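Worksheet: one structure, shown below.
The values are calculated or read from the model by the stated rules, or taken from the named source; none is laboratory data. Remember, it's a predicted structure, so these values are computed and weren't measured experimentally. A quick note on method: Cβ atoms are made from the backbone with ideal geometry, for glycine too, and the neighbour counts reach across all protein chains shown.
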């Protein structure tokens, strides 16, 4: 007669003989699984956030250039208006 091979390193007889060790063994396995799962989840989040940060930095660069351009145009328009006011062309 052929014995069944258990996929676990400890048989049910061993578990029933020492239930405290069995529970601790299962707890260690569960904690190990949760640790690995947590690390994988954080790695995925870090990669996604890195890509999002790159996109936002590109948008910030574009908006900074537009702000500098509009500031230059405003300064030029203000100086023209001041010049026209000094010449008496506009009130």
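Residue-wise test of (1) part of a helix (DSSP H, G or I); (2) surrounded by fewer than 10 Cβ atoms within 10 Å (Cβ to Cβ); (3) modelled with pLDDT under 95.
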site	(1), (2), (3)
76	yes, no, yes
79	yes, no, yes
86	yes, yes, yes
89	no, yes, yes
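Looking at 28, 5, 10, 20, just one residue is at pLDDT below 90 and assigned to a helix (DSSP H, G or I), and that residue is 20.
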